[in-house]
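Input: a single structure, listed below in structure tokens.
The values are calculated or read from the model by the stated rules, or taken from the named source; none is laboratory data. This one's a predicted model, so the numbers in the text were calculated from it and none came from an experiment. Neighbour counts are summed over all protein chains in view; Cβ atoms, including those assigned to glycine, are modelled from backbone coordinates with ideal geometry. Just the protein is used for accessible areas: all its heavy atoms, side chains included, with ligands, DNA and RNA removed. Shrake-Rupley method; radii C 1.70, N 1.55, O 1.52, S 1.80 Å.
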Amino acid sequence: MYTDVLIIGGGLASLYTALNIKSDLKITIITKGDLYRCNSSLAQGGIAACIDKEDSYKSHIKDTFIAGNKFNNLQALNMMVKTSKERIDKLIEFGVFFDKYKNGKLKTTMEGGHSNRRILHAGGDITGKVIMDTLISNVKKRSNITVLDNTMAIDLIKNKNICIGAKVLNKKVFNITSKHTVIATGGIGGLFKNTTNTSISTGDGIALAYRAGCNLKNMEFIQFHPTAFYSKEKGKKFLISEAVRGEGAYLKNKFNERFMLKYHKRGELAPRDIVARGIYKELIDNDEECVYLDATHLENSFIKKRFPNIYKKCLENGFDMCNDYIPVIAVEHYFIGGIETDFNGLTNIKNLYACGECANTGVHGANRLASNSLLECITFGYNIAENINNNPYKDKYILDETYNLDNWDFTHYKKKIQCIMDKDVGIVRNKKDLLKAEVKIEDILNDFNKHFYSKDFF
Amino acid sequence: MILINIFIVKIFFETLNMATVSKLIIKACLKREESLGCHYIEK
Ligand SMILES: Cc1cc2nc3c(=O)[nH]c(=O)nc-3n(C[C@H](O)[C@H](O)[C@H](O)COP(=O)(O)OP(=O)(O)OC[C@H]3O[C@@H](n4cnc5c(N)ncnc54)[C@H](O)[C@@H]3O)c2cc1C
């Protein structure tokens, strides 16, 4: 199968890129599940953008730089912040309906690490779903875009240092050759036992890129979200947006103390890593399993209107946010590292781009400021589209082989990896445990190499 | 041999990718010996 542009992944990074590519190019989007199953659809809090007169580029850049421990690529960050309004306008043009006041002004909220109210939101606390639903309906109307659901990229195809597509798997394995290939496969939450991510986030794009010879960057930086709903039941750790703390909720320990003020002057609204470590420390020091989010002092009607989805989910789990403290813990949330790209989203392999959470553009530095990741998806998605629009690439490769596969069982390895990563590569790390984890993971990879994976795998 | 349990093949690649990325993360963690941002290392 041949396409002008192959996009691996179907989240925000993918769809925004696709919709900004010229309509005379044939685009194929492949997704491991369907378009609705991705982290983008789960985003609650919103998307950061400098749109208000009271806000300034300088302040957004400064907040991001501080949260990123001054490790950010300042040029990329400058570009992202300064084009944020245009990128948001384009979302609005596509039909995304952000929450507004009666006078038509866009509503903005506050989140940890931001010094101004600059987070746009939609549907209260279902920003990601509103954006994705709107973009999906745009994609469906575009005759040049084909979406292949339940289709997983398993390796990239290269001709020397040029990427010419990917080997993919749905009911069989086949090649999709392309002029341009964009990896937009999202995060790595699936590597951990406790995560806010969907289970499809297994770092596929990063592994494919690595096998193809891409440079990776900042792989040690993983953000843990301070407030995931705590439950002993598997699969029940849904996110409770930072915006809840942004609107005034407190974090308390079992002694009913607002402990975050001990760790940072911004208290509950300190940067995420500090809040996550504060929670971790409380759990160790007090031998607790969770801490509590207290929103009971906020106006009941405000909670229900501002956080309808979170309110409903907590209620379904037996907690009424208006009256009860919500049990929370810090879990894996966002991957900062990834495939190294330039301003145009290009990797070190020709015609291969990476966008969204799987990419490392440098904008987040050593830690991501809340709500900057959706902005990163659309900023670099747009740049990639522009680069593709302006660089028609002549050669056309057709490689139409298909493969058949053997049948093995190795399902237990997934759980093993998740336990190792949760235990030894979590919020607080040490050299001894990391070395132990390294040996255990190497053993797993050796098993793969020994038993299953070889050049004549197919 | 002709396949075909596609589901199993999918799990195979997902698991291989998970192990590969885990290895790369651990290597990067070991390389950065000082805490920085969300990489926090206890001495
Ligand atoms: C619960 C939650 C809340 C969040 N809230 C916010 C927020 O309020 N603001 C903010 O800025 N950020 C937020 N984030 C982070 C943000 O949502 C993500 O970083 C962003 O959506 C990533 O978009 P993406 O397009 O890169 O990846 P995703 O949206 O995760 O999409 C990845 C896509 O890749 C596909 N895929 C994966 N592997 C393969 C493969 N091998 N072959 C084919 N397809 C594949 C998947 O099927 C999926 O379609 C939140 C994240 C979570 C989990």
Inset, instruction - Please identify the pairs in which a residue from segment A:330-346 that is open to solvent by 10 Å² or more (accessible area, probe 1.4 Å) has its Cβ atom under 6 Å from the Cβ atom of a residue that is among the aliphatic types (A, V, I, L, M) and outside any loop (DSSP other than H, G, I, E, B), counting only partners at least 6 apart or on another chain. - result: A:330/A:276; A:330/A:279; A:341/A:354; A:341/A:359
Legend entry - Per-region count, segment A:187-200, residues touching a Gly at 6+ places or on another chain (Cβ under 7 Å), near the ligand (Cβ under 8 Å from one of its atoms) and assigned to a loop (DSSP other than H, G, I, E, B): 3
Legend entry - Considering residues of segment A:194-207 that are within 12 Å of another protein chain (Cβ to nearest Cβ) and surrounded by fewer than 24 Cβ atoms within 10 Å (Cβ to Cβ) only, the residue modelled with the lowest pLDDT: A:199
Inset, instruction - For residue A:210, work out the one condition from (1) among the aromatic types (Phe, Trp, Tyr); (2) in contact with a Pro (Cβ under 8 Å, 6 or more places away or on another chain); (3) closer than 13 Å to residue A:352 by Cβ it doesn't fulfil. - result: (2)
Inset, instruction - Could you pull out the residue among A:103, A:72, A:78 that is assigned to a loop (DSSP other than H, G, I, E, B), without any contact (Cβ under 8 Å) to a residue 24 or more places away in the chain and assigned by TED's automatic domain parsing to the domain that holds residue A:390? - result: A:103
Inset, instruction - Could you please give the count of residues in segment A:344-377 that are among the hydroxyl-bearing types (Ser, Thr, Tyr), within 8 Å of the ligand (Cβ to nearest atom) and at negative phi? - result: 1
Inset, instruction - Sort out which residues of segment A:123-151 are open to solvent by less than 10 Å² (accessible area, probe 1.4 Å) and near the ligand (Cβ under 10 Å from one of its atoms), and write them in order of number. - result: A:125, A:127, A:128, A:131, A:132, A:151
Inset, instruction - Please indicate, with yes or no, whether at least one residue in segment B:16-24 is at the interface with chain A (Cβ under 7 Å from one of its Cβ atoms), open to solvent by 20 Å² or more (accessible area, probe 1.4 Å), modelled with pLDDT of 85 or more and over 10 Å from the mean Cα position of the chain (by Cα). - result: no
Inset, instruction - Spot the failing condition for residue A:43; the list is (1) within 16 Å of the ligand (Cβ to nearest atom); (2) among the hydrophobic types (A, V, I, L, M, F, W, C); (3) in contact with a strand residue (DSSP E or B) (Cβ under 6 Å, 6 or more places away or on another chain), and only one is missed. - result: (3)
Inset, instruction - Quick one: count up the residues across segment A:317-343 that are away from the ligand (no atom under 16 Å from the Cβ), farther than 14 Å from residue A:73 by Cα and assigned to a loop (DSSP other than H, G, I, E, B). - result: 8
Inset, instruction - Kindly list the number of the only condition in (1) away from the ligand (no atom under 15 Å from the Cβ); (2) assigned by TED's automatic domain parsing to the domain that holds residue A:341 that fails for residue A:184. - result: (1)
Legend entry - Subset of segment A:409-433 [assigned to a loop (DSSP other than H, G, I, E, B) and either within 9 Å of chain B (Cβ to nearest Cβ) or at positive phi (or both)]: A:409, A:410, A:411, A:425, A:427, A:428
Inset, instruction - Would you check if residue A:246 is within 16 Å of the ligand (Cβ to nearest atom), open to solvent by less than 40 Å² (accessible area, probe 1.4 Å), at pLDDT below 90 and out of contact with any Pro (no Cβ under 8 Å at 6 or more places or on another chain)? - result: yes
Inset, instruction - Only one of these is in contact with a strand residue (DSSP E or B) (Cβ under 7 Å, 6 or more places away or on another chain) and either modelled with pLDDT under 95 or buried (at least 24 other Cβ atoms within 10 Å of the Cβ) (or both): A:232, A:158. Name it. - result: A:158
Legend entry - Single residue of segment A:259-279 satisfying the filter (β-branched (Val, Ile, Thr) and open to solvent by less than 10 Å² (accessible area, probe 1.4 Å)) that is nearest to residue A:248 (Cα to Cα): A:275
Inset, instruction - Starting from residues that are hydroxyl-bearing (Ser, Thr, Tyr) and under 26 Å from the mean Cα position of the chain (by Cα), keep the ones in segment A:281-325 and report whichever is most open to solvent (accessible area, probe 1.4 Å). - result: A:292
Legend entry - Residue among A:112, A:46 that is closer than 27 Å to residue A:260 by Cα, buried (at least 16 other Cβ atoms within 10 Å of the Cβ) and within 14 Å of another protein chain (Cβ to nearest Cβ): A:112
Legend entry - Filter pass, residue A:217 being at pLDDT below 95, surrounded by fewer than 24 Cβ atoms within 10 Å (Cβ to Cβ) and among the charged types (D, E, K, R): no
